[in-house]
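This report concerns only the one structure given below.
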Amino acid sequence: MNFKIENNYISIINYPTLAKHFEKMATKGWLINKIYLGNLFIYKRITPKNLDFAITPYIVETQYSRKSKSELEEFRSVCESVGWNYAAKTTNFHIYYKEKGIEALSLQTDTEEEFKILESIGKKHLSALYFQIAMFLFLFWFNLQQLLTGVDGFKDAFPQLFFVLIPFFILSSIIEIYHFKKFFKHNSTQISLGEDITFSRFNFRFNKFTFLLTSLILVIFIIHLLYGVLFLENTILLYGVIPPLLVFISFFLYRIFVKPSRMPMKSKKRELIFILVLATIIPVLFFSFLTMNLINGKNEDNSIISEDYKVISINDFTIEEVSEGEDLIRQSSLLVPVSYVYYSHSDKPYRNITTEYSKALTEDLAITLVNRYKNQAEIPIEWNRQEIEYFLKEGIYKESLFKRDAKISEEEFNTLRKGDLKNAVETAVRKMKDLAIIKDHENLWDLDEVYFLNVNKSEIVLRQGKEVIFIEASDLNFADSEVIEIAKKKLDLN
Amino acid sequence: MKKETQKILTQPMFYVLLSLKEVRHGYEIMQYVEWLTKGRVKIGPGTLYSLLSKFEEDGWIKMVSDYNNKKTYKIDPLGEEAIVQEMERLELLLNDAARVKEGNEDEFQNRK
């Protein structure tokens, strides 16, 4: 093979060490040719040679500026005229080589100036790392919640993939920050004493591993995305890709046209802020449009649902057929290989039914998924907590809340008020949950597991073996024998 | 945006600004400095081009032309001011050194 790929790491604190590494590679017949993302090193085949390498910090791109092709060419030709040959470059470094024994002027001739450049690069990198850590911590917390308690975290592959990556990113960033700060602290003193810069010999193995893992997960992510869009025809996934793609294109255009231009700095900053605002607004607008589209559903003469799908629709429960909108979203993940969500909606009369079907990998996972649905059903009850506290405090007996949803009589309400407020709220919430989320003790459905998830029994989760079906209907009672009969037949649960 | 003049210039900063009293391109700056200092000071391309970017951003120099992958520069008033201030600072240093060379210990001990 005429090329070689290596997972390595280049930064302002270790680049002279890498120069030695390139020299070693050259003696084995490999010359560094390209570096991507500071980690992916591509070598090309050469005759083994003894070469000297010089790596110089040279800022090619910042937030607001980017060296043009002619500027890079000029720098390159000047380096070549003092005896060096161009090898590769990154955003912050240029790499040159020459044959051993041939005289050439050093690319960096002043330690103090070199350190100033490194400080400039380092400060920006550190700011980016701090921001990264904050963002990853937030994503980790959000993903953790989803993965541990959420239904989507179970059925969706993306939180599962990101959850694996995030701790590595956080730790990687912390390692970098530690070494950068150590480098600047030590060398600030060195430079003020007129000494040379001391570079790090740390191997950054963890950071290299994180890059490798990220690349692998990115490949899995892309495969999963393509599978979802092409085979599962999950248009939501496709729509989900569009906003980040538009944002990426905007930043790309900014990078190509605005950064290298001779526009005043103020104008460039204005352009960047405009793009950042656009990057925030586009996804919000897009997903609002998408949500409205989903709510309205599709009206087609031919249903999008074949008999293979275990779903129920509005017309299953009407004598006369009504005009119905419907939508189907298919998903897949490691824990739940088959799942889909079906929305059935009508305007006259206004009704909607949502069916979420999942087939888990194992029965234990299916049982866990049922528990997730039960946890999910507790959330709207928890939202009432503040309201309950307020009414208890003020002594207002709201019938719809206490009598209907918690079966707490006025007498019981007054007794609760006399005790500790926190306990009273807890008791009320507990009662609401116990009333809303109940097992099918009468075995009306005759399935492995059945739970009604609200007081009206218009929400239900069913499990038969590895299959879990969640249904939410605006005006059906899933304890009604007629409804059960129709639903079981349609869902093939007889 | 033009920034305030720096107080102390490093050796490469001083010589690069000095060389830009006339319009020059990058390689010519390196050759001029080496000639001016009789080989004592050599400025590498990495050092030079970082300084040129910084000076241009701070308004100390301006690009005069960009032709055939060669940009030429000339010093601006802010850059001239920086050189003048540096020369005054260096003159003060030399004067102080001259006084010490003349021998002024008695003057110091009897200063009160």
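The values are calculated or read from the model by the stated rules, or taken from the named source; none is laboratory data. The structure presented is a predicted model; accordingly, all values stated were derived computationally and were not measured. Heads up, the Cβs are rebuilt from the backbone with ideal geometry, glycines too, and the neighbour counts pull from every protein chain shown.
Restricting attention to segment A:55-75 and to residues that are within 21 Å of A:Thr111 (Cα to Cα) and either acidic (Asp, Glu) or more than 9 Å from chain B (Cβ to nearest Cβ) (or both), the residue that is nearest to the chain's Cα centre (by Cα) turns out to be A:Val60. Screening segment A:20-51 for residues that are among the small types (Gly, Ala, Ser) and at pLDDT 95 or above and picking the one that is surrounded by the fewest Cβ atoms within 10 Å (Cβ to Cβ) gives A:Gly29. Residue-level check: of (1) more than 24 Å from the chain's Cα centre (by Cα); (2) at pLDDT below 85; (3) of a type in the set (Gly, Ala, Ser), A:Ser333 misses just (1). Of all residues in segment A:382-401, those being of a type in the set (A, V, I, L, M, F, W, C), out of contact with any Asp or Glu (no Cβ under 8 Å at 6 or more places or on another chain) and either over 22 Å from A:Glu472 (Cα atoms) or crowded, with 17+ Cβ neighbours inside 10 Å (or both) number 4. Scan segment A:84-96 and give yes if some residue there is facing chain B (nearest Cβ under 9 Å), of a type outside the set (Asp, Glu) and under 42 Å from the mean Cα position of the chain (by Cα), otherwise no. The answer is yes, given that some residue of segment A:84-96 is facing chain B (nearest Cβ under 9 Å), of a type outside the set (Asp, Glu) and under 42 Å from the mean Cα position of the chain (by Cα).
All conditions in (1) at the interface with chain A (Cβ under 10 Å from one of its Cβ atoms); (2) surrounded by fewer than 16 Cβ atoms within 10 Å (Cβ to Cβ); (3) among the charged types (D, E, K, R) hold for B:Glu81, with the sole exception of (1).
With A:Leu253, A:Leu276, A:Leu246 as the choices, which residue is at pLDDT 75 or above, within 30 Å of A:Leu72 (Cα to Cα), over 22 Å from the mean Cα position of the chain (by Cα) and in a helix (DSSP H, G or I)?
A:Leu253
Hey, can you tell me all the residues within segment A:131-146 that are touching a helix residue (DSSP H, G or I) at 6+ places or on another chain (Cβ under 7 Å) and polar (S, T, N, Q)? Passing the criteria: A:Gln132, A:Asn143, A:Gln146. The combined condition, being more than 34 Å from the chain's Cα centre (by Cα), of a type in the set (S, T, N, Q) and either in a helix (DSSP H, G or I) or more than 13 Å from chain B (Cβ to nearest Cβ) (or both), is not fulfilled by A:Ser106. Identify all residues within segment A:254-272 that are surrounded by 12 or more Cβ atoms within 10 Å (Cβ to Cβ) and aliphatic (A, V, I, L, M); write none if there are none. Passing the criteria: A:Val258, A:Met263, A:Leu272. Of everything in segment A:333-361 that's part of a strand (DSSP E or B) and among the hydrophobic types (A, V, I, L, M, F, W, C), which residue is nearest to A:Phe158 (Cα to Cα)? Going through the qualifying residues, I end up with A:Val338. Taken over segment B:30-60, the criterion of being touching a strand residue (DSSP E or B) at 6+ places or on another chain (Cβ under 8 Å) and either under 20 Å from A:Ser77 (Cα atoms) or surrounded by fewer than 17 Cβ atoms within 10 Å (Cβ to Cβ) (or both) is satisfied by B:Tyr32, B:Gly44, B:Pro45, B:Gly46, B:Ser50, B:Leu52, B:Glu56. Selection of segment A:216-253 for residues being in contact with a Lys or Arg (Cβ under 7 Å, 6 or more places away or on another chain) and either exposed (fewer than 12 other Cβ atoms within 10 Å of the Cβ) or among the polar types (S, T, N, Q) (or both) yields only A:Asn234.
Please go through segment A:178-211 and pick out each residue that is more than 17 Å from A:Pro57 (Cβ to Cβ) and touching a His at 6+ places or on another chain (Cβ under 9 Å).
Across segment A:178-211, the qualifying residues are A:Phe202, A:Phe204.
The C-beta contact set for segment B:17-29 (first residue at the interface with another protein chain (Cβ under 10 Å from one of its Cβ atoms), second residue of a type in the set (D, E, K, R) and buried (at least 16 other Cβ atoms within 10 Å of the Cβ), distance under 7 angstrom, 6+ apart or interchain) comprises B:His25/B:Lys70; B:His25/B:Lys71; B:Gly26/A:Glu74. Residue under question is A:Phe169, and the condition is that it be within 11 Å of chain B (Cβ to nearest Cβ), part of a helix (DSSP H, G or I) and closer than 22 Å to A:Ile35 by Cβ; does it hold? No: the conditions fail for A:Phe169.
A quick yes/no check of all residues on (1) free of Cβ contacts under 8 Å to residues at least 60 places away in the same chain; (2) of a type in the set (A, V, I, L, M); (3) more than 30 Å from A:Ile329 (Cβ to Cβ):
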| site | (1), (2), (3) |
| --- | --- |
| A:Ile170 | yes, yes, yes |
| A:Lys181 | yes, no, yes |
| A:Phe184 | no, no, yes |
| A:Phe199 | no, no, yes |
| A:Asn207 | no, no, yes |
| A:Leu212 | no, yes, yes |
| A:Leu216 | yes, yes, no |
| A:Phe231 | yes, no, no |
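Conditions tested, residue by residue: (1) within 12 Å of chain A (Cβ to nearest Cβ); (2) in contact (Cβ under 8 Å) with a residue 24 or more places away in the chain.
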residue	(1), (2)
B:Val33	yes, no
B:Lys38	no, no
B:Gly44	yes, no
B:Gly59	yes, yes
B:Tyr67	yes, no
B:Lys74	no, yes
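Evaluation of A:Pro48 against the conditions (1) under 24 Å from B:Asp66 (Cβ atoms); (2) in contact with a helix residue (DSSP H, G or I) (Cβ under 6 Å, 6 or more places away or on another chain); (3) of a type outside the set (Asp, Glu) shows that the sole unmet condition is (1). Once segment A:336-348 is narrowed to residues that are modelled with pLDDT of 85 or more and not aliphatic (A, V, I, L, M), the residue that is surrounded by the most Cβ atoms within 10 Å (Cβ to Cβ) is A:Ser344. So for segment A:362-380 (the condition being surrounded by fewer than 19 Cβ atoms within 10 Å (Cβ to Cβ), assigned to a loop (DSSP other than H, G, I, E, B) and modelled with pLDDT under 90), does at least one residue qualify? No: segment A:362-380 contains no residue that is surrounded by fewer than 19 Cβ atoms within 10 Å (Cβ to Cβ), assigned to a loop (DSSP other than H, G, I, E, B) and modelled with pLDDT under 90.
Yes/no matrix, rows are residues, columns are (1) in contact with a Pro (Cβ under 9 Å, 6 or more places away or on another chain); (2) in contact (Cβ under 8 Å) with a residue 12 or more places away in the chain:
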| site | (1), (2) |
| --- | --- |
| A:Cys79 | yes, yes |
| A:Glu99 | no, yes |
| A:Thr109 | yes, no |
| A:Ile117 | yes, yes |
| A:Leu129 | no, yes |
| A:Leu137 | no, yes |
| A:Trp141 | no, no |
| A:Phe154 | no, yes |
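What single numbered condition from (1) more than 14 Å from chain A (Cβ to nearest Cβ); (2) under 23 Å from A:Phe75 (Cα atoms); (3) more than 12 Å from the chain's Cα centre (by Cα) fails to hold for B:Ala97? Failing condition for B:Ala97: (2). Residues that are more than 10 Å from chain B (Cβ to nearest Cβ), touching a strand residue (DSSP E or B) at 6+ places or on another chain (Cβ under 7 Å) and either assigned to a helix (DSSP H, G or I) or farther than 30 Å from A:Met25 by Cβ (or both) occur at least once in segment A:110-123.
Would a scan of segment A:52-70 turn up a residue that is surrounded by fewer than 20 Cβ atoms within 10 Å (Cβ to Cβ) and modelled with pLDDT of 95 or more? Within segment A:52-70 (the criterion being surrounded by fewer than 20 Cβ atoms within 10 Å (Cβ to Cβ) and modelled with pLDDT of 95 or more), the answer is yes, since at least one residue qualifies.
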